[in-house]
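Asker: Take a look at this one; I'll ask things after.
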Amino acid sequence: MQKSDIMMLLTKINWNMKAVADAGLKRDNLTYSQINVLFFVRKSGGRVSQKEIEEYLKVSHPTVVGLVQRLENTGYIICERDENDKRNKLVSTTDQFEQLVKQLDAKRAANNERLLEGLSKQDLDKLTVYLTTIYENSVKRRENSL
């Protein structure tokens, strides 16, 4: 397999995973990008600034503003001005999201099992190393291009 084939395969995997996730999340009025924001906020203690979301997702401020507004409209997060710095907006998850998260965690775990079916522990360890290296290389490349 050539290097270009590997990169295209990774791209196709990403597209498929996003399509499956979007289809499953549609009934909850969520998208794959939005769920990434929600899980980041939750993983970070339930409250982060919009700037932290931008840095985590590596996307622009307007992109985060749109994601956050849609999530706030659906009731999954609330936004407040930072009392210490009025320029910052703080994002917190709501009880409505916390109720949904249990279902999403179970779905995500089942989906991950299906995607990784047939891979041994050793295969997964190697794959983790390989994908981490590719990711780190992509981060360096992106930083050098900015």
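The values are calculated or read from the model by the stated rules, or taken from the named source; none is laboratory data. What you see is a predicted model; the values in this text were computed from it and never measured. Cβ sites come from the backbone with ideal geometry, for glycine too, and all protein chains shown count toward neighbours.
Asker: Please pick out the residue among S33, S4 that is among the polar types (S, T, N, Q) and closer than 16 Å to G66 by Cα.
Answerer: Residue meeting the stated conditions: S33.
Asker: State whether one or more residues within the stretch 115-129 are surrounded by 10 or more Cβ atoms within 10 Å (Cβ to Cβ), modelled with pLDDT of 90 or more and of a type in the set (S, T, Y).
Answerer: For the stretch 115-129, residues surrounded by 10 or more Cβ atoms within 10 Å (Cβ to Cβ), modelled with pLDDT of 90 or more and of a type in the set (S, T, Y): present.
Asker: Let me ask something else. From the list D95, D82, which residue is of a type outside the set (V, I, T) and either exposed (fewer than 12 other Cβ atoms within 10 Å of the Cβ) or modelled with pLDDT of 90 or more (or both)?
Answerer: Going through D95, D82 in turn, the sole match is D95.
Asker: Another question about this same structure. Quick check on this structure: which one of L104, L90, L57 is among the hydrophobic types (A, V, I, L, M, F, W, C), surrounded by 12 or more Cβ atoms within 10 Å (Cβ to Cβ) and out of contact with any Ser or Thr (no Cβ under 8 Å at 6 or more places or on another chain)?
Answerer: L104
Asker: Does R114 satisfy being more than 18 Å from the chain's Cα centre (by Cα), without any contact (Cβ under 8 Å) to a residue 60 or more places away in the chain and in a loop (DSSP other than H, G, I, E, B)?
Answerer: When the stated conditions are applied, R114 does not pass them.
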